[in-house]
Amino acid sequence: DTAVSQTPKYLVTQMGNDKSIKCEQNLGHDTMYWYKQDSKKFLKIMFSYNNKELIINETVPNRFSPKSPDKAHLNLHINSLELGDSAVYFCASSHTAGANVLTFGAGSRLTVL
Amino acid sequence: GIQVEQSPPDLILQEGANSTLRCNFSDSVNNLQWFHQNPWGQLINLFYIPSGTKQNGRLSATTVATERYSLLYISSSQTTDSGVYFCAVGDSSGNTGKLIFGQGTTLQVKP
């Protein structure tokens, strides 16, 4: 039973397209996150939601829009994709916001051509 | 913001050898975690260790918060230990769960 699941695992698309990545956790956690890992393996937080409320928005372009329909789901929609958006996007969750253990999903590799 | 530096950036070991990975951070933290990213890309939490010492099998970690560093020890390394090890910290001024990652240490264990 996967704790944090992301779909799709791989996504290849053309510049200018719009795409979405979905994330679901079955751990009963209150807080969910999106992290981006670039080609040099550097991991950086993008967004965080606590009980469906946005609590972190890390200077991410407006083309990225997260949406949390309930506390078990956090989706990421990206408009007008650019070459620089190519990366691995990781969803994660923790029991609450604050100093808690993070559990990551398997990642979604996005390639923009 | 808080800076996180890991050393060494790369490490090659023979199977059975021991190693120590270091994580330095620039400010006080309320959260410190070590992760292993395996060759398939999966990020696995190894330790939640804002202070003190913990052990889990062949792995152990120590954080000296007052001196702003943490160490990850790997003993009797195995080829399955290969991958990238990340240290991530949360600064004590916030309560959002945000983690700032170091650049990682890439470990290759040769048979």
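Every number here is computed from the coordinates shown, using simple stated rules; none is lab data. What you see is a predicted model, and the numbers here were worked out from it, not measured in a lab. Note that we place each Cβ from the backbone using ideal geometry, even for glycine, and neighbour counts take in every protein chain shown.
List the residues of segment B:73-94 whose backbone N lies under 16 Å from a point placed 7 Å from the Cα of B:Asn24 along the Cα-to-Cβ direction.
Only B:87 fall inside the zone, counting backbone N under 16 Å.
Please report the Cα spread of chain B along all three principal axes, rounded to whole Å, starting with the longest.
44, 25, 20
Between A:Leu83 and A:Lys40, what is the spin-label point distance in nm, taking each point 7 Å from the Cα along the Cα→C-beta axis?
1.8
Distance between the C-alpha centers of segment A:47-80 and segment B:39-111? Whole Å please.
27
Looking only at other chains, what is the average number of their beta-carbon atoms within 10 angstrom of each beta-carbon in B:60-67?
The per-residue average across the peptide is 0.
Hey, got the average number of other protein chain Cβ atoms within 10 angstrom for residues in B:103-109? Can you show the working numbers first?
On the way: counts 4, 4, 0, 1, 0, 0, 0.
For this peptide, the per-residue mean of nearby foreign Cβ atoms is 1.
Can you pull the mean other chain C-beta count within 10 Å for peptide A:97-108? Don't jump to the answer; show the numbers that get you there.
Values: counts 5, 8, 13, 6, 6, 10, 3, 7, 2, 4, 5, 0.
The mean count of partner-chain Cβ atoms within 10 Å per residue comes to 6.
Defining a contact as two alpha carbons under 8 Å apart and six or more residues distant in sequence, what relative contact order in percent does segment B:31-111 show? Don't jump to the answer; show the numbers that get you there.
Details: 155 pairs, mean separation 23.1, N = 81.
Relative contact order for segment B:31-111 comes out at 29 percent.
Roughly how many debye, to the nearest 20, is the charge dipole of chain A about its Cα centre, given +1 on each Lys and Arg Cβ, -1 on each Asp and Glu Cβ, and no other charges? Could the numbers behind the result be given before it?
Details: 12 positive and 10 negative charges, 50 e Å.
So the magnitude is around 240 debye.
Which three extents, in whole angstrom, do the alpha-carbon atoms of chain A cover along their principal axes, largest first?
37, 29, 27
May I ask you to list the chymotrypsin sites (Phe, Trp or Tyr not before Pro) in segment A:1-68 that are in a DSSP loop and have at most 16 other Cβ atoms within 10 Å of their Cβ? Kindly include the intermediate steps, with their values, before the conclusion.
Working: sites: A:Tyr10, A:Tyr33, A:Trp34, A:Tyr35, A:Phe42, A:Phe47, A:Tyr49, A:Phe64; in loops: A:Phe42.
Those that pass, being in a loop and sparsely packed, are A:Phe42.
Mind checking the dipole of segment B:4-110: about its Cα centre, +1 per Lys or Arg Cβ, -1 per Asp or Glu Cβ, Debye to the nearest 20?
On the way: 6 positive and 7 negative charges, 35 e Å.
That gives a dipole near 160 debye.
Over chain A, calculate the relative contact order: mean separation of alpha carbon pairs under 8 Å at least 6 apart, over the residue count, as a percent.
37
Just the number, please: percent antiparallel of the DSSP beta bridges in the protein assembly as shown, rounded to the nearest 5.
On the way: 75 of 84 bridges.
Expressed as a percentage, antiparallel bridges in the protein assembly as shown total about 90.
Go through B:Ser19, A:Val112, A:Gly28 and say which Cα lies farthest out towards the positive end of the charge dipole of the protein assembly as shown; charges sit on Cβ, +1 for Lys and Arg, -1 for Asp and Glu.
Sorting the options by dipole projection puts first A:Val112.
Thinking of the protein assembly as shown as a set of Cα atoms, what percent of all their pairs are more than 30 Å apart? Provide the component values of the computation, followed by the final result.
Working: 5928 of 24976 pairs.
Tail of the P(r) past 30 Å holds 24 percent of the pairs.
Using modelled backbone amide H atoms (1.01 Å from N, in-plane), which distant-in-sequence or interchain residues come within less than 5 Å of A:Asn17's amide H?
Placed amide hydrogens put A:Leu81 under 5 Å from A:Asn17.
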